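Any read-out appearing in this document is the output of simple, stated calculations on the displayed coordinates, not a laboratory observation. Not measured: the values here are computed from a predicted model. Cβ sites come from the backbone with ideal geometry, for glycine too, and all protein chains shown count toward neighbours.
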Amino acid sequence: MKSAQIIKIKEKLSVVDLPDPKPRDTQVLVRIEASGVCHSDIHLWEGGYEGAAGTFLKVEDRGVKFPITPGHEISGKIEAIGESVSGFSVGDRVIVYPWIGEGSCPACRVAQENLCDTPRTIGIYRDGGYSELVLVPNFRYLVKIDNMDVNSSASLACSGLTAYNAVKKATVGPGESIVIIGAGGLGLMSVQIARAITNSTIVVVDVDDKRLSEAKRLGAHEVVNSSKVDPVEDIKRLTSSLGAEAVIDFVNNTRTAPLSINMLRKRGKLVMVGLFGGALELSLPIIPLRGFTITGAYTGSFNDLVDLVNLSKTGKIKSVVNRTYKLGDANQALEDLRAGKIVGRAVLNPNN
Ligand code: NAD
């Protein structure tokens, strides 16, 4: 099989020929039709995340080993199955839940493998979707997608799932305001999900007018370009000077984090999702005085993915996929995403 691999951080991915895996026992081999290109693939390719005061959080210190085939948003057709697989057959169309844990830590025991102490994620710790084929270790990580669109269903596995988990964590009620910072692949999904599962007023903040008009088309009530106006003032204006009940920060860097805090209402909830990095300097008394809750959200559980696929089948949400690339153009896809040229998600179609 051909796979586009990161051999060394910051160097171009190489398309290599690897032996086709042979599924055994509970394993399933999937022929990949679409593999989403996530901003997290860029962080992996760059070798980590910017931390506080000039520090860098290396992915290798978190157990990643190169070479690795990235790609954690995978949809495709089952090519072959191991002898203990049940409920799935060759030819079934599926998406892959990639957030696999080792199985016995406290998070895994409560079905939150996405927060496993020693994760084994497909596309980060084991070879992923920038490839013609992927070996899934157990059929229980597959969800059937029947006739759903192959490109937009792929990104349910990360951008959809993470947005779904973040919106649920924001716990906004009817008539309350939710601010979404960053209208990229994740942010645009969260607009649709907030629209589908809450009755809140949705305000989207980004620095790019194209993404903001897409957010508006997908159901945002208000949009704010933070490169042109002070977004904190705008949110206060829209909320009778009180602030928003919830903010989801899909950028979460040195610039956006202070804005997120300053636009929250008393008792408000900030959900940090983005990995753009940096640090936050905080006046500590404001957290108790204003009764804020700050929480992180990292992808979502398998059960969340099943719920999300069902929501998607109702037609209420659909990932925006405007660009497709061949496997050999994986470097171009990552460069285009990094340069801000992609609105919504791009996917690779490795078998085209
Ligand atoms: P993307 O590149 O598709 O979108 C990023 C968006 O942020 C763009 O619309 C860009 O214009 C906007 N932006 C950049 N700087 C901004 C600023 N200062 N103010 C407002 N908007 C700004 O990225 P994505 O794939 O949506 O991912 C977003 C982040 O979330 C990445 O860091 C990614 O690694 C991370 N991520 C986190 C999780 C998780 O589980 N926590 C999962 C997937 C991705």
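A few remarks follow.
- When Ala330, Ala346 are checked against the criterion of being within 24 Å of Ile7 (Cβ to Cβ), within 15 Å of the ligand (Cβ to nearest atom) and not in a loop (DSSP other than H, G, I, E, B), a single residue qualifies: Ala346.
- Residue ID - farthest from the ligand (Cβ to nearest atom), chosen from residues in region 38-80 that are among the acidic types (Asp, Glu) and surrounded by fewer than 21 Cβ atoms within 10 Å (Cβ to Cβ): Glu79
- Taking region 136-223 as the region of interest, the strands (runs of 3 or more DSSP E) fully inside it that hold 3 or more residues being within 12 Å of the ligand (Cβ to nearest atom) and buried (at least 19 other Cβ atoms within 10 Å of the Cβ) are 177-181, 201-206.
- Of all residues in region 235-282, those being within 15 Å of the ligand (Cβ to nearest atom), of a type in the set (D, E, K, R) and crowded, with 22+ Cβ neighbours inside 10 Å number 1.
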